[in-house]
Amino acid sequence: MNWNNILTVYLKELRDSLRDRRTLMSMIIIPTVVIPLMTFGFGKVMSRIMSQAKEEASAIMIIGGEDSPGIVAALKAEHDSEKNRPVFRIVPAGDYRAAIGDKKIRAAVEIPAGFEAALKTGAAPAVTIFYYEGEIKSSLGQKALENFFTDLRQRTAEARLTERGQPVTLLKPFEVKRRNAAPPEKVGGNLVGGFVPYLIIILCFTGAMYPAMDLTAGEKERGTMETLLCSPVPRVNIVLGKFLMVLTGSISAMVFMLLSMGTTAYIGGAIMTGSGTTMKVGAAAAKTTMDTMPTVDPLGLFGVLAMVLPVAVLFAAVAFTISLFAKSYKEAQSYLAPMMIVIIMPAAMGMLPGIDLNAKLALVPILNLSLVCKEMLSGVWHWDLIAIIFGSSSLYAALALTLAVKMFNREDVMFRA
Amino acid sequence: MIEAHNLTKTFKDKKRGVITAVDQVSFTCRPGQIYGLLGANGAGKTTTLRMLATLLAPTSGSARLAGFDVTADANRVRANVGFLGASTALYGRLTAREMIAYFGQLNGMSDAAIRARIQVLSAELDMAEFLDRRCDKFSTGMKQKTSIARTLIHDPAVMIFDEPTLGLDVMTARAIVAFVRECRNRGKTVIYSTHIMSEVEKLCDQVGIIHGGRLVAEGTVPELRARFGEQDMEEVFVKAVGGEAALAAALKN
């Protein structure tokens, strides 16, 4: 190994890559502009749709209820004082199943015959609410209806107790309260921590992908690989110089994304999701919102960067080896595209709730990174597991890099006809 | 000095089994000489030259260039050899100067030495006009001149040219032939592959005719003419490989 040679190769590849539009796109433009725009844009659109859905009165259908005029009138009159609009918009009765399915109404309620009369005398039959399971607007309508009727039930019961001279507290002997016990950064870690590692992992790979293809299969295709092999530089130095460039692509994609996301979140205080989760990177911003807004532990971000390093090496080496085998840029693309799925799967698994880091999962590449990032971003540091992950990732990376050097020395790979 | 001794290269092919691309080729080329390797497409010229340039390892046999063995001392062989292959291209996003300088650095030259050497080569090859332009916009001739300058940046003792005039216009081809002759006159060892008969007649001190991976005839141009009883080099070549039928059969493969 000769660092002068490695540096010569690396600097040339860096200069060459910085003049390549495709590499620049994947290394700088997509991570700084496209990814944050998409993430924040998606959050904005989602929150707008949600608030719009909450803004509108729920269109509902009342089935039956001809002999319960009081309840129908109360439904019509139900008023949302906060938003200053009626809660329900009553649609003339018809085929309610079709109307719910077509999303013309959000929900329907069936008031059985003689309901109002039965309510006065004693046990009234059940009221049925129809809605579309899993549909957000429909469940909003269903919840509004359920609130209305549980309210009615409560008031009826209280009225009966008062009638009989009993205290109302008989019905509600104690209150049940709920309060968030998780520290704010823990909430942030769980909300943000799920998809930040996911984005990091994907960008790490796409950042490595284009330089890897360009520096190996691309060079073979253009005939410059043979030229380079004519030089007296030992092969291992060429591999390492090129590999460092691929690693640069991978890491810069990730760093540019984090910088851009951080800046956007910090300056704009941009809303990521409808529930108002913001990612605060700066300490000043974090202080003012610490008690109300879920935040991300800034130390966690540094931890994430450190843990990503061996994985970036692994990705760079894998992308390098695979595309080295290809004869052309196109062939390399067709090998690396399926690799994306292989990488996305474990990365996405880390976002699932309930999967927690343990010693076994700490050995699964990519998934371990995704899980440990989630923990670190929420301020949890399992040093023993972190050591296992760093160690195993470094080992995988070293193996992949060794393989890359081996492949580079095989003439059937380098001169594949 | 190039000494090839029983150089053999076999490839494994999925459809055709084991192919012997080069079969027991031996020859010697001394400093101040141009050795012409004459053969049809697929005869084994490129594979032979790639083995000499240590890009491919011989399956058996050996070769020494400038005193170094291609198998045991590959890096030092490359440091003393300039290889211009039919498929050694330029980096399109670098300028000619950057391209040549890069190979100077890879050869361990100092920046000052590289600058001086580029100046010399640029003057000899008439490159000044396009030296600082990017290679991807070059004409074939400009590319070939840049490639030659790249090959010679470290002033190697041995030069290997694999069909260097392929696809060039007459003017550039003549310039390159003249340049190769100039290298010989300075005492370089040159091996030059081609299938253009006139270049062989004009340029080569020794000619080896290669066919089906085997060296079928060797000698100076007058020697070969006398041996096969033909004045025309093309007729000499056809006779050496065993007639037109044999040539046609070889090209079909």
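The values are calculated or read from the model by the stated rules, or taken from the named source; none is laboratory data. Keep in mind that this is a model prediction, so the values were computed, not measured. Glycine also receives a Cβ, built like all others from the backbone with ideal geometry; neighbour counts cover every protein chain displayed.
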Q: Starting from residues that are within 13 Å of A:P211 (Cβ to Cβ) and hydroxyl-bearing (S, T, Y), keep the ones in the range A:1-19 and report whichever is nearest to the other protein chains (Cβ to nearest Cβ).
A: A:S17
**Q.** Every residue from the range A:37-59 that is modelled with pLDDT under 80 and either closer than 18 Å to A:I251 by Cβ or β-branched (V, I, T) (or both)
**A.** A:T39
Q) Of the residues that sit in the range B:64-96 and are in contact with a helix residue (DSSP H, G or I) (Cβ under 6 Å, 6 or more places away or on another chain) and more than 9 Å from chain A (Cβ to nearest Cβ), which one is surrounded by the fewest Cβ atoms within 10 Å (Cβ to Cβ)? A) B:F68
Q.
Looking only at the range A:326-343, filter to residues that are in contact with a helix residue (DSSP H, G or I) (Cβ under 6 Å, 6 or more places away or on another chain) and part of a helix (DSSP H, G or I); which one of those is farthest from A:L399 (Cα to Cα)?
A. A:Y329
Q. From the residues in the range A:1-34 that are among the acidic types (D, E) and either in a helix (DSSP H, G or I) or in contact with a Pro (Cβ under 8 Å, 6 or more places away or on another chain) (or both), which one is surrounded by the fewest Cβ atoms within 10 Å (Cβ to Cβ)?
A. A:D16
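Test A:L37 against the criterion of being assigned to a helix (DSSP H, G or I) and within 14 Å of chain B (Cβ to nearest Cβ), and give yes or no. Spell out the reasoning first.
Working: assigned to a helix (DSSP H, G or I): yes; within 14 Å of chain B (Cβ to nearest Cβ): no.
Here the answer is no, as A:L37 does not meet what is asked.
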Q | All positions within the range A:345-383 that are in contact (Cβ under 8 Å) with a residue 60 or more places away in the chain, at positive phi and of a type outside the set (V, I, T) | A | A:G379
Q) Identify, please: which residue in the range A:112-126 is within 48 Å of the chain's Cα centre (by Cα) and of a type outside the set (A, V, I, L, M) and is, among those, farthest from A:E66 (Cα to Cα)? A) A:P125
**Q.** Residues within the range A:346-397 that are among the polar types (S, T, N, Q), in a helix (DSSP H, G or I) and farther than 27 Å from A:V246 by Cα, tallied
**A.** 0
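Would you be able to tell me the number of residues in the range B:65-93 that are in contact with a Cys (Cβ under 6 Å, 6 or more places away or on another chain) and over 12 Å from B:A149 (Cα atoms)? So that I can check it myself, show each step before the final result.
Just the residues of the range B:65-93 that are in contact with a Cys (Cβ under 6 Å, 6 or more places away or on another chain), to begin with: B:83, B:90, B:92.
Within this subset, residues satisfying the condition of being over 12 Å from B:A149 (Cα atoms) are B:92.
The number of residues fulfilling the criteria is 1.
Determine whether B:A40 is in a strand (DSSP E or B), closer than 23 Å to B:V221 by Cβ and small (G, A, S). I'd like the intermediate steps shown before the answer.
Details: in a strand (DSSP E or B): no; closer than 23 Å to B:V221 by Cβ: yes; small (G, A, S): yes.
Taking the combined requirement at face value, the residue does not satisfy it.
Specify which of the listed residues (A:I90, A:I100, A:I129) is under 41 Å from the mean Cα position of the chain (by Cα) and not in a strand (DSSP E or B).
A:I100
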Q.
Between a residue in the range A:219-243 that is within 7 Å of another protein chain (Cβ to nearest Cβ) and any residue that is among the β-branched types (V, I, T), which pairs come within a Cβ distance under 6 Å, given they are 6 or more apart or on different chains?
A. A:E226/B:T88; A:T227/B:T88
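Here is a list: B:G82, B:G39. Which entry is touching a strand residue (DSSP E or B) at 6+ places or on another chain (Cβ under 8 Å) and within 30 Å of B:G243 (Cβ to Cβ)? Don't jump to the end; show me each part of the working.
Details: B:G82 fails: within 30 Å of B:G243 (Cβ to Cβ).
That would be B:G39, the only listed residue that is touching a strand residue (DSSP E or B) at 6+ places or on another chain (Cβ under 8 Å) and within 30 Å of B:G243 (Cβ to Cβ).
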